[in-house]
Amino acid sequence: MSFNDEQKERFLDAANPHQWYRTSNNLHSQALILWDNRGRGHTTLMKDGQPLRVWDDANKGTFLLSAFAMENMLKAFCIYEDPSLVSGGRIDNKIATHKLWRLAERTSLIPYKSRDKWVFDILSSGNESWARYPCGRCANDIEFERQFTMRLWKRYCSMILVYRTKMEKLLIKGWTGPYGFYGKWTFT
């Protein structure tokens, strides 16, 4: 499929790193609200009158929103560093993934990648399975809902804050994209 220049430029208005950054911030804000609501509601699976499994009603949504916030932030860095990823009127297959570690490996702009690989791996675990859907694709693809532990939450929040601060500094300097696109943003 080919696109005309006007379509490509309109696409770039939506696909520039600032838009990925904005989406990440929005998703993270929603994850914060859900995190603050944890413990207010639970679902319990009972068997023979005994609790078999208990789910915090805010856990799954918090997990998914956090994973998507991280994914969008990583894509902001990837696109900032390599504008060709959004040229041609489409997102390049190199970043058309929900696998956070794969995205993190594509950019040299984020700090402490190796140290934080475990966060990327845990958040990715639910991105395409249990956090988004009620089951895997088949019977041997079953992974149960993971709990958002305090350790994971604190590390995730720290990473998002560091990434947001760094991305803001980059966007303040400006970004040159395909088709002569140039953007420079301010934050208050």
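Within the range 100-121, is even one residue of a type in the set (Val, Ile, Thr), without any contact (Cβ under 8 Å) to a residue 40 or more places away in the chain and not in a loop (DSSP other than H, G, I, E, B)? Spell out how you get there, then give the answer.
So in the range 100-121, the residues of a type in the set (Val, Ile, Thr) come out as 107, 110, 119.
Cutting the leftovers down to without any contact (Cβ under 8 Å) to a residue 40 or more places away in the chain gives us 107.
Those left that are additionally not in a loop (DSSP other than H, G, I, E, B): none.
No: zero hits.
Which of the numbered conditions does Ile160 fail, given that it passes all the others? Conditions: (1) assigned to a helix (DSSP H, G or I); (2) open to solvent by 30 Å² or more (accessible area, probe 1.4 Å); (3) closer than 30 Å to Arg53 by Cβ.
Of the numbered conditions (1) assigned to a helix (DSSP H, G or I); (2) open to solvent by 30 Å² or more (accessible area, probe 1.4 Å); (3) closer than 30 Å to Arg53 by Cβ, the odd one out for Ile160 is (2).
Considering every residue within the range 85-94, establish whether at least one is free of Cβ contacts under 8 Å to residues at least 12 places away in the same chain and assigned to a helix (DSSP H, G or I). If you could, list the steps in order and put the result at the bottom.
Of the range 85-94, the ones free of Cβ contacts under 8 Å to residues at least 12 places away in the same chain are 85, 92-93.
Within this subset, residues satisfying the condition of being assigned to a helix (DSSP H, G or I) are 85, 93.
Yes, because at least one residue in the range 85-94 is free of Cβ contacts under 8 Å to residues at least 12 places away in the same chain and assigned to a helix (DSSP H, G or I).
Taking the criterion of being free of Cβ contacts under 8 Å to residues at least 60 places away in the same chain and open to solvent by less than 20 Å² (accessible area, probe 1.4 Å), would at least one residue in the range 12-25 satisfy it?
No, because not a single residue in the range 12-25 is free of Cβ contacts under 8 Å to residues at least 60 places away in the same chain and open to solvent by less than 20 Å² (accessible area, probe 1.4 Å).
Which of the residues that make up the range 52-105 are of a type in the set (D, E, K, R) and open to solvent by 20 Å² or more (accessible area, probe 1.4 Å)?
Of the residues in the range 52-105, the ones of a type in the set (D, E, K, R) are 53, 56-57, 60, 71, 75, 81-82, 90, 92, 94, 99, 102, 105.
Of everything in the range 52-105, those that are of a type in the set (D, E, K, R) and open to solvent by 20 Å² or more (accessible area, probe 1.4 Å) turn out to be Arg53, Asp56, Asp57, Lys60, Glu81, Asp82, Arg90, Asp92, Lys94, Lys99, Arg102, Glu105.
Could you check how many residues of the range 1-29 are touching a Gly at 6+ places or on another chain (Cβ under 8 Å) and either in a helix (DSSP H, G or I) or modelled with pLDDT of 90 or more (or both)?
Adding up the residues that qualify gives 6.
Given the conditions (1) open to solvent by 30 Å² or more (accessible area, probe 1.4 Å); (2) in a helix (DSSP H, G or I); (3) not hydrophobic (A, V, I, L, M, F, W, C), and given that Thr44 satisfies all but one, which numbered condition is not satisfied?
It fails just one condition, (2).
Scanning the range 130-157 for residues that are loosely packed, with under 11 Cβ neighbours inside 10 Å and modelled with pLDDT of 85 or more, which turns out nearest to Ile91 (Cα to Cα)?
Lys154
Taking the range 106-126 as the region of interest, how many residues are farther than 11 Å from Lys75 by Cα and open to solvent by 60 Å² or more (accessible area, probe 1.4 Å)?
7
Take the range 40-80 and flag every residue that is β-branched (Val, Ile, Thr) and out of contact with any helix residue (DSSP H, G or I) (no Cβ under 7 Å at 6 or more places or on another chain). So that I can check it myself, show each step before the final result.
Taking the range 40-80 and keeping what is β-branched (Val, Ile, Thr), we get 43-44, 54, 62, 79.
Result: Thr43, Thr44, Val54.
The values are calculated or read from the model by the stated rules, or taken from the named source; none is laboratory data. For clarity, every value in this text was computed on a predicted model and none was experimentally measured. Cβ coordinates were reconstructed from backbone atoms using ideal geometry, including for glycine residues, and neighbour counts include every protein chain displayed. Just the protein is used for accessible areas: all its heavy atoms, side chains included, with ligands, DNA and RNA removed. Shrake-Rupley method; radii C 1.70, N 1.55, O 1.52, S 1.80 Å.
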